[in-house]
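The values are calculated or read from the model by the stated rules, or taken from the named source; none is laboratory data. Predicted model, so just to flag it, every value in this text is computed and none were measured. Positions of Cβ are generated from backbone atoms using ideal geometry, with glycine treated the same way; all protein chains shown enter the neighbour counts.
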Amino acid sequence: MTTTPMLDTLADWAHRGWLRRLDAAFAAFLHDLDPEARPAVLLAAAMLAHVESQGHACLLVDEFVADPAGATSWAPDAAEALRGQVLSVAAEVDELLAALRVSPLVGDGSDDSSPLVLSGTRLYLRRYWRFEQQVAAQVLARVEGGATAVDVPRARQWLDLLFPPQPDREDDFDWQKFACAVALRASFSIITGGPGTGKTYTAARLLALLFAMDRRPDKLRVALAAPTGKAAARLKQSIESALLPLQASIGDRLDLAELVSHIHGAKTLHSLLGARPDTRTFRADAANPLEVDVLIVDEASMVHLEMMAALLQALPRHARLILLGDKDQLASVEAGAVLGDLCRDAEAGRYDDRTADYALAATGQAIPADFIGGAPGLAQQTVMLRESRRFKGPIGQLALAVNAGRLQPAAALLRSGDGPELHVAQPATPARVVRLALEGREGAPGGYATYLREIAARPAFHGDETADREAFDAWVVRVLLAFERFRLLCAVREGEWGTEGLNTAVERALTAAGLLERPGHAAWYEGRPVMVTRNDAGVGVFNGDIGIVLRPLRADGPLRAYFLDGAVPRSVSVSRLAQVETAFAMTVHKSQGSEFEHTVLVLPPEGSRVLSRELVYTGITRARLAFTLASGAPGRFAQALSQRTRRASGLLDLLSE
Ligand SMILES: Nc1ncnc2c1ncn2[C@@H]1O[C@H](COP(=O)(O)OP(=O)(O)OP(=O)(O)O)[C@@H](O)[C@H]1O
């Protein structure tokens, strides 16, 4: 008990699991700084810390007073208790704003002394306020001041070569060609689009264009990066396989193989920036910038506000940053929905006359009238690719309907689709989900039995180190790839419909079926798939990396976890893996950047704020060949489609100023 009833209340809420302990502790810390702090300020501060953990960059004070639990996922009793407290300490928005304004704990950002910043009706933790300011300032400076003089006739020649006219589609505006032209003229650009719309294909051509337009292409320092190791490896592979075939059309004007050999392996953003153990700062920053001229970042929807701020700060002003990503996917778990915010105008285009003139001159095509509109600078550097090349079948149609929030067509597709591509598990029970995980379903076989059978086909050890190593490595790759064919994706972590319950249930079922051997229920056993949950630069594993525990080449050695680096296996002793989870079932959040042949999306029976259109869209678009929906109760799919994720942020306002 403290002498401050509000702190007692907050501690009680933390005890009940409504708030995190950290949220209540933050309010107590502020009270230590200012023992006179009003209860309204302490309450707002704890709730700010809490909503930040839910992905919001700030607390919208007006919405908080109108609907206190609106930005949380609290149950009705918790929401009611919060409403009661808000009513008693600040029944009106103006009352709360006034209390915040006079508090020495709250500043307007002009000095560094206050832990909180109030900007209009947005209340920030100082760090997040600063990150938003940095991102907005950097993006605007790069879009407006970073324009480079383009030799337009030369660009046109190269663009025509890289995107030859398609006889059957002469009248179609080529958004990919336009995206390359746009990226050429400033040091910041975004290429967004759904799965298979050719973002990587376009980025590869853009690189060829940049090499071609550069006076010293051999000196152009190109870096590729993504938020996760897997996405980074995939980017490098796709860029290479899209670039090299271009040599035939380019002839001897550029030696692409030679230029590609200068591109270093794609890195995670953490390793690109130089993550330092136990701190949130990076080796690369404004004082020690990255040594790059062109940086392509894939899966940018997963880049959170803090990371985007760090990246932009560390990028030299002349360097070109190209963000690739699907703006409609779930944002990162951490605060901020940066790509979504930056792509506000992507759908509509809203290109101004200058961009229209430039497009005509550089690409020979006129932007269709529907996309002309004259939005501020950033929209002029953003291009959305609109046609999916490999996602045209029922899964693609379902993804489009879900993304547009069109329930009827989405439900009709699911109902009619009882073929290989689409299926609804009915009635869905956890036991049924587990059966799907074991053997797949009719039309979409597989499940985890496949990779476990691969493990059972381990090559024999003959005593010839080189040949044995080769056979062993090839087998490890086969096992890892087989595991990547299927995945259970959950909306939530807790409960029998969440990752925790399903991981246990699948483990148990695979053991009962004799597919897994788990002596004495050991935590580490051969065949255990694991996902790294925390970056560990020392060990060389990063958040989101997926590996499988196997016995090493000499099968009697201690267990190791094997990961794929591109096409090459890499292993870590399991004793060095401190932060991992079993990965039969993973959250949709964690699945971003990955694709599986067959994906089962599991929605819990309880209604939840977590169920959103973005979540379902992201889940569906992880499926390459087959998608199965397992919904714990009728109506969950519809509920998810009707809920959009909205993250409080001031970035849009800053970018429009
Ligand atoms: N203009 C084009 N002409 C021919 N093929 C294309 C074109 N654009 C893309 N493709 C092909 O379509 C497929 C998908 O393209 P790509 O992988 O670049 O899409 P993406 O948007 O990066 O997908 P993801 O979101 O899954 O990363 C690839 O096989 C690519 O070669």
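If only one of GLY463, GLY495, GLY405 is surrounded by fewer than 19 Cβ atoms within 10 Å (Cβ to Cβ), at positive phi, of a type outside the set (A, V, I, L, M) and more than 28 Å from the chain's Cα centre (by Cα), which one is it? Spell out how you get there, then give the answer.
Details: GLY495 fails: more than 28 Å from the chain's Cα centre (by Cα); GLY405 fails: more than 28 Å from the chain's Cα centre (by Cα).
It is GLY463.
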When you scan region 281-296, do you find a residue that is touching a strand residue (DSSP E or B) at 6+ places or on another chain (Cβ under 8 Å), small (Gly, Ala, Ser) and over 30 Å from GLU387 (Cβ atoms), even just one?
no
Could you give me the residue pairs with C-beta distances under 6 Å whose first residue belongs to region 113-132 and is in contact (Cβ under 8 Å) with a residue 12 or more places away in the chain, whose second residue is among the acidic types (Asp, Glu) and surrounded by 17 or more Cβ atoms within 10 Å (Cβ to Cβ) wherever it lies, and which are 6+ apart or on separate chains?
PHE131/GLU306
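So that you can scan it fast, the table gives a plain yes or no per residue for (1) in a helix (DSSP H, G or I); (2) of a type outside the set (A, V, I, L, M, F, W, C); (3) out of contact with any strand residue (DSSP E or B) (no Cβ under 6 Å at 6 or more places or on another chain):
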{"site": "TYR451", "(1), (2), (3)": "yes, yes, yes"}
{"site": "HIS462", "(1), (2), (3)": "no, yes, yes"}
{"site": "THR466", "(1), (2), (3)": "yes, yes, yes"}
{"site": "ALA471", "(1), (2), (3)": "yes, no, yes"}
{"site": "ALA482", "(1), (2), (3)": "yes, no, yes"}
{"site": "GLU496", "(1), (2), (3)": "no, yes, yes"}
{"site": "GLY501", "(1), (2), (3)": "yes, yes, yes"}
{"site": "GLU507", "(1), (2), (3)": "yes, yes, yes"}
Output the number of the condition that LEU385 fails; it satisfies all remaining conditions of (1) modelled with pLDDT of 95 or more; (2) more than 30 Å from ALA444 (Cβ to Cβ).
(2)
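In region 591-612, which residue that is closer than 15 Å to PHE483 by Cβ and not hydroxyl-bearing (Ser, Thr, Tyr) is surrounded by the most Cβ atoms within 10 Å (Cβ to Cβ)?
Result: VAL600.
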Could you say whether any residue in region 366-377 is within 16 Å of the ligand (Cβ to nearest atom) and not small (Gly, Ala, Ser)?
no
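So that you can scan it fast, the table gives a plain yes or no per residue for (1) within 11 Å of the ligand (Cβ to nearest atom); (2) over 30 Å from THR618 (Cβ atoms); (3) within 28 Å of the chain's Cα centre (by Cα); (4) not β-branched (Val, Ile, Thr):
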| residue | (1), (2), (3), (4) |
| --- | --- |
| ARG130 | no, no, yes, yes |
| GLN133 | no, no, yes, yes |
| VAL143 | no, no, yes, no |
| ASP151 | no, yes, no, yes |
| PHE163 | yes, no, no, yes |
| ALA183 | no, no, yes, yes |
| GLY196 | yes, no, yes, yes |
| LYS199 | yes, no, yes, yes |
| ARG215 | no, yes, no, yes |
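Given the options SER608, SER631, SER571, SER594, name the one that is at pLDDT below 90, touching a strand residue (DSSP E or B) at 6+ places or on another chain (Cβ under 8 Å) and of a type in the set (S, T, N, Q). Full working, then the answer.
Numbers: SER608 fails: touching a strand residue (DSSP E or B) at 6+ places or on another chain (Cβ under 8 Å); SER631 fails: at pLDDT below 90; SER571 fails: at pLDDT below 90.
Result of the check over SER608, SER631, SER571, SER594: SER594.
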For ALA648, which of the numbered conditions (1) in contact with a helix residue (DSSP H, G or I) (Cβ under 6 Å, 6 or more places away or on another chain); (2) in a loop (DSSP other than H, G, I, E, B); (3) buried (at least 21 other Cβ atoms within 10 Å of the Cβ) fails to hold?
(1)
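Which helices (runs of 4 or more DSSP H) sit wholly inside region 363-433 and have at least 2 residues that are β-branched (Val, Ile, Thr) and under 16 Å from TYR617 (Cα atoms)? Show your work before the answer.
Values: elements: 377-380, 394-403, 407-416.
Because the criterion is at least 2 residues that are β-branched (Val, Ile, Thr) and under 16 Å from TYR617 (Cα atoms), the helices (runs of 4 or more DSSP H) in region 363-433 that meet it are 394-403.
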